[in-house]
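Here the structure is laid out as structure tokens; the discussion comes afterwards.
Every number in this text was worked out from the coordinates using simple rules, so none of it is lab data. Note that the structure is a prediction, hence the values are computed from the model and not measured. Cβ placement follows ideal geometry from the backbone for every residue including glycine, while neighbour counts extend to all protein chains displayed.
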Amino acid sequence: MDKEFTFKGGIHAPHFKEQTEKMPIEDAIEPKYVVIPLSQHIGAPCEPLVAVGEHVKVGQKIGESKAFVSAPVHSSISGTVKRIELHQTPGGSKVKSIVIESDGLFEVHESVNPKGNIEDLSKDEILGIIKDAGLTGMGGAGFPTHVKLSPPKDKQIDTFIVNGAECEPYLTADHRIMVEKSDLVLLGIRAVMKAVGVKKCFIAIEKNKPDAIEEMQKKVEGIEGIEVAPLEAKYPQGDEKRIINAVTGREVPSGGLPMDVGCIVDNVGTVATIGNVILTGMPVIQRVTTVTGSAISNPKNLYIRLGTLFSDVIEQCGGFSEEPGKILNGGPMMGIAQFTTEVPVIKGTSGILVLNRKDANVPEPSNCIRCGKCVDACPVHLQPYLISRQAILKRFDDAEKTYAADCIECGSCSFICPAKRPLVETIRIAKKEILAKRKKAVK
Ligand code: SF4
Ligand code: SF4
């Protein structure tokens, strides 16, 4: 465990993981009804395959798109489709969703069958299974996994990185998956390596999870081509370009993708789910989510049926221990603030974080003192203070020239700034304007 992989920049934020890091994954409540959004991913939204009044079963495909960049959705319970309507989602927008009332039976659909041995499956069969099961990046990104695993022919992929960094404070779902579901992680790795045709895999884990490192090392011992890469515990180690740089030394160019440097990166929760799909045939209908924070009575790591409302999950955790100041889908650095708990858990819900008023308090910003700390912290080597100023002055063309579009919105600059400037918030505005301008130009 002596060797340590890392990258330049980033911050050492407090981890705040002690509330749940040792807590085994528990099954969440069986919801009385679920809300399944038809778009939980990057790409084309699904069209419903069921009608109001229809009976559905667990694992049944209920939404699909013909587009390649998309991912189908499945029912997580058995019961009756009550409504198909616009519903608020944790992504911040309203999305057409299928509302299903449970019959309490959890009857499994006939299409759910084990997929057999990986040795007997062809590369295309594995990719087809992953696509059909609705796999998307479960770290929060939501990119359809089968697309990521199908790079163009001119991109030679030689390395698969399993992202077990989980660098966001508070979150421990991936940690527990590695400790408790290492068999599924290994099965998922073998499936991806065969599907992509790579011979080298790194399981990259931050060193603040020694039990996960030990468990995964035990699991891969003696297996050629797969090794554990212990990472320095530093934020945003889990960003895919940072993790590639830390593990392989390669730099993904500005505007480039991991495949440009021969790598594919998948979150460890996604990889374990691929293993589960192969083993049981059950598509993505559940996920492990950390429910934690200073205003949650009994923090837990829960295995939750997708579509369960945050309010039901929070109730299972004993409800609020005090008045919440902020509710987030995800962690404190990149999570999305929620104005209601009547939103469903989706494929990318890695955490439900509820902070009390004291922890959620955002101090008043003061003037920039030109200390340069934000520049040192930026893992993309940007000048956050400058881009932020350009954004405030609406000088978006200047912001484009200073590479605002390369910002990964990690929030390291805002975290480190002694003047508490709203850096990531303002840079995000510039980035949005630049990307909208580029999109218009393409059209
Ligand atoms: S400018 Fe963007 S990438 Fe750099 S530290 Fe700030 S949020 Fe992160
Ligand atoms: S860290 Fe804050 S105060 Fe220091 S240069 Fe950056 S914006 Fe200014």
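Can you compute the helix-only [θ] at 222 nm over the chain? Use -39500 (n - 2.57) per DSSP H run of at least 4 residues, normalise by all residues, nearest 500 deg cm²/dmol.
On the way: 14 runs with 126 residues, N = 443.
So the calculated ellipticity at 222 nm is -8000 deg cm²/dmol.
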Segment CYS368-HIS12, length gained on full extension (0.36 nm per residue, minus Cα span): 126.0 nm
Built amide H within the under 5 Å cut-off of GLU206, gap 5+: ALA165, LEU231
Most mobile of GLU364, GLU168, GLU21 in a GNM of the chain (Cα contacts under 10 Å): GLU364
Amide H contacts of GLY137 (H built 1.01 Å from N, under 5 Å, at least 5 apart or other chain): GLY142, PHE143, THR145
Cross-link partners of LYS153 among aspartates and glutamates (Cα-Cα below 13 Å; sequence separation of 8 or more within a chain): ASP260
Free-standing Cys residues across the chain, given no other cysteine C-beta under 4.7 angstrom: CYS46, CYS167, CYS201, CYS263, CYS317, CYS368, CYS371, CYS378, CYS407, CYS410, CYS417
Extension gain from LYS96 to ALA436, taking 0.36 nm per residue of separation minus the Cα-Cα distance: 120.0 nm
Under the Karplus curve 6.51 cos²θ - 1.76 cosθ + 1.60, θ = phi - 60°, whole-Hz ³J(HN,Hα) for region 139-153, x wherever Gly or Pro sits: x, x, 5, x, 7, x, 5, 5, 6, 4, 8, 10, x, x, 4
Anchor LYS234: aspartates and glutamates whose Cα lies under 12 Å away (excluding residues fewer than 8 positions away in-chain): GLU4, GLU166, GLU168, GLU206
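For the pair LEU86 and ASP359, what calculated FRET efficiency results from E = 1/(1 + (r/R0)^6), where r is the Cβ-Cβ distance and R0 = 35 Å, to the nearest 0.05? Show your work: numbers first, answer last.
Numbers: r = 32 Å, r/R0 = 0.92.
Using R0 = 35 Å, I get an efficiency of 0.60.
Distance check, please: which entries in LYS32/LYS82; LYS66/LYS194; LYS3/LYS123; LYS3/LYS241 exceed 23 angstrom between their Cα atoms? Please list the in-between numbers first.
On the way: LYS32/LYS82 12 Å; LYS66/LYS194 25 Å; LYS3/LYS123 34 Å; LYS3/LYS241 20 Å.
Going by Cα-Cα distance, LYS66/LYS194; LYS3/LYS123 fall outside the 23 Å limit.
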Simple spin-label estimate for SER321 and GLU119 in nanometres, 7 Å along Cα-Cβ: 5.1
Loop-located trypsin sites (Lys or Arg not before Pro) in region 183-283, at most 13 other Cβ atoms within 10 Å (DSSP): LYS199
Amide H contacts under 5 Å for VAL265, placed H, 5+ residues apart: ILE161
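So if each residue of separation counts as 0.36 nm, and I subtract the Cα-Cα distance between SER254 and GLU227, what length gain in nm does that give? List each step's numbers first, then the result.
Numbers: separation 27, 0.36 × 27 = 9.72 nm, distance 2.84 nm.
Here the answer is 6.9 nm.
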Alpha carbon centroid spacing (whole Å) that separates region 262-305 from region 135-213: 12
Choice from GLY59, GLY197, GLY255 with maximal GNM fluctuation in the chain (Cα, 10 Å cutoff): GLY255
Estimated FRET transfer efficiency (ASN298, ILE336; beta-carbon r; R0 22 Å; 0.05): 0.40
Pairs beyond 28 Å (Cα-Cα), from LYS148/LYS199; LYS373/LYS437; LYS96/LYS439; LYS420/LYS440: LYS373/LYS437; LYS420/LYS440
Vicinal HN-Hα couplings computed from phi for region 218-235 (Karplus, 6.51 cos²θ - 1.76 cosθ + 1.60; Hz; Gly/Pro x): 4, 5, 9, 4, x, 8, 5, x, 10, 9, 8, 10, x, 10, 4, 7, 8, 8
SER366, SER321, SER75 arranged by Cβ crowding within 10 Å, fewest neighbours leading: SER366, SER321, SER75
In order through region 96-110: 3J(HN,Hα) via Karplus (6.51 cos²θ - 1.76 cosθ + 1.60), integer Hz, x for Gly, Pro: 4, 9, 9, 9, 10, 9, 6, 9, x, 9, 6, 6, 8, 5, 4
Separation between Cα centres of region 59-118 and region 396-443, rounded to whole Å: 35
